[in-house]
Amino acid sequence: MIWTLELAAYLDDAPWPATKEELIDYTNRTGAPIEVIENIQELEDSDELYEGIEDIWPDYPSNEDFYYDDETEEY
């Protein structure tokens, strides 16, 4: 399973929390690339609810990862 920010973006508006089957249905209906659907299909078969993309892709970058130097210096 390989995730990128571009692929994960297709799940931004997913109906969280959701099961694996609900996510597959959502990605099919929204026309997500086959790679997104394949990644979701690789998840364990269970009725577990996923609360967000972080549950599917634990290394999903947070806003903190992008704003590491948010403090500006005044001259």
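The values are calculated or read from the model by the stated rules, or taken from the named source; none is laboratory data. Since we're looking at a predicted model, the values are computed, not measured. Please note: Cβ atoms are built from the backbone with ideal geometry, for glycine as well, and neighbour counts cover all protein chains shown. All accessible areas refer to the heavy atoms of the entire protein, side chains included, with ligands and DNA or RNA removed. Shrake-Rupley method; radii C 1.70, N 1.55, O 1.52, S 1.80 Å.
Counting only residues that are in contact (Cβ under 8 Å) with a residue 24 or more places away in the chain, within 9 Å of the chain's Cα centre (by Cα) and more than 17 Å from residue 51 (Cβ to Cβ), which one in region 1-26 is surrounded by the most Cβ atoms within 10 Å (Cβ to Cβ)? Of everything passing the filter in region 1-26, 10 is surrounded by the most Cβ atoms within 10 Å (Cβ to Cβ).
Applying the set (1) in contact with a Pro (Cβ under 9 Å, 6 or more places away or on another chain); (2) part of a loop (DSSP other than H, G, I, E, B) to residue 46 leaves exactly one unmet item: (1). Taking region 35-51 as the range and being open to solvent by 70 Å² or more (accessible area, probe 1.4 Å) and either over 13 Å from residue 1 (Cβ atoms) or in contact with a Cys (Cβ under 6 Å, 6 or more places away or on another chain) (or both) as the test, the residues that pass are 45, 47, 48, 49, 51. Here the condition is being hydroxyl-bearing (Ser, Thr, Tyr) and modelled with pLDDT under 95; of 27, 4, it holds for 4 alone.
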